[in-house]
1. When the stretch 65-84 is examined, which residues are found to be more than 13 Å from Gly39 (Cβ to Cβ), in contact with a helix residue (DSSP H, G or I) (Cβ under 8 Å, 6 or more places away or on another chain), among the basic types (Lys, Arg) and surrounded by 15 or more Cβ atoms within 10 Å (Cβ to Cβ)?
2. Among the numbered criteria (1) under 26 Å from the mean Cα position of the chain (by Cα); (2) assigned to a helix (DSSP H, G or I); (3) modelled with pLDDT of 90 or more; (4) surrounded by fewer than 15 Cβ atoms within 10 Å (Cβ to Cβ), which single criterion is violated by Ser101?
3. Which number in (1) without any contact (Cβ under 8 Å) to a residue 24 or more places away in the chain; (2) surrounded by 10 or more Cβ atoms within 10 Å (Cβ to Cβ) marks the one condition that Tyr94 misses?
4. Inside the stretch 40-65, can you point out the residues that are touching a strand residue (DSSP E or B) at 6+ places or on another chain (Cβ under 7 Å) and either more than 22 Å from Asp18 (Cβ to Cβ) or not aliphatic (A, V, I, L, M) (or both)?
5. Residues of the stretch 66-95 being in a strand (DSSP E or B) and farther than 21 Å from Val17 by Cβ, which ones?
6. Quickly run through the stretch 27-47 and pick out the residues that are out of contact with any Lys or Arg (no Cβ under 9 Å at 6 or more places or on another chain) and surrounded by 13 or more Cβ atoms within 10 Å (Cβ to Cβ).
7. Can you find even one residue in the stretch 107-117 that is of a type outside the set (S, T, N, Q) and surrounded by 15 or more Cβ atoms within 10 Å (Cβ to Cβ)?
Amino acid sequence: MTQANRSSILTDVAASVDAVLDALGDPTRRAILEKLTAGPIAVGVLADQLPVSRPAVSQHLRVLKNADLVVESVAGTRRLYRINHSGLKAVRDYLDRFWESALDNFAILAAAEAEADNRKRSASKKADKGRPAKK
């Protein structure tokens with residue numbers, strides 16, 4: 001893979017992550033995604049379940065679709081929307097980098113604290129050995 005191809009892929013991934021994060025920045029779109037966790041839902045049904053108009057739901061679904069977060073299918077005269085789990089992968093991979101870093105830092109901190117506790121216990125035992133026994 002050439003440097004240009006690698007750069008192009010990274011740019012595409014960044015654009016995908018930006019689109020997903022932008023889409024998820026709206027509470028109505030997050031509510032739509034939460035509703036879609038139950039399975040495919042028609043626009044009209046979503047509009048009935050949300051405090052926004054049907055055209056507003058359609059606009060929000062368009063943003064979610066452009067961010068690859070939902071997939072549209074046609075069933076007769078209805079358009080059904082469902083979550084596109086593969087569309088969440090780019091943002092999940094992006095966020096996992098931060099999570100892994102946080103876990104690594106936590107492990108380092110826990111090891112340092114355990115080492116400090118061991119040193120304190122060891123020093124306390126040495127100090128106790130030098131004291132006369134209580135009667």
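The values are calculated or read from the model by the stated rules, or taken from the named source; none is laboratory data. Treat the numbers as computed from the prediction; the structure is a model and nothing was measured. In this analysis, Cβ positions are derived from the backbone assuming ideal geometry, glycine residues included, and neighbour counts consider all displayed protein chains.
1. The one that is more than 13 Å from Gly39 (Cβ to Cβ), in contact with a helix residue (DSSP H, G or I) (Cβ under 8 Å, 6 or more places away or on another chain), among the basic types (Lys, Arg) and surrounded by 15 or more Cβ atoms within 10 Å (Cβ to Cβ): Arg79.
2. (3)
3. Checking Tyr94 against (1) without any contact (Cβ under 8 Å) to a residue 24 or more places away in the chain; (2) surrounded by 10 or more Cβ atoms within 10 Å (Cβ to Cβ), the one that fails is (1).
4. Pro40, Ile41, Ala42, Val43, Lys65 - these are the residues of the stretch 40-65 that are touching a strand residue (DSSP E or B) at 6+ places or on another chain (Cβ under 7 Å) and either more than 22 Å from Asp18 (Cβ to Cβ) or not aliphatic (A, V, I, L, M) (or both).
5. Glu72, Ser73, Val74, Ala75, Arg78, Arg79, Leu80, Tyr81, Arg82
6. Across the stretch 27-47, the qualifying residues are Thr28, Arg29, Arg30, Ala31, Ile32, Leu33, Lys35.
7. For the stretch 107-117, residues of a type outside the set (S, T, N, Q) and surrounded by 15 or more Cβ atoms within 10 Å (Cβ to Cβ): absent.
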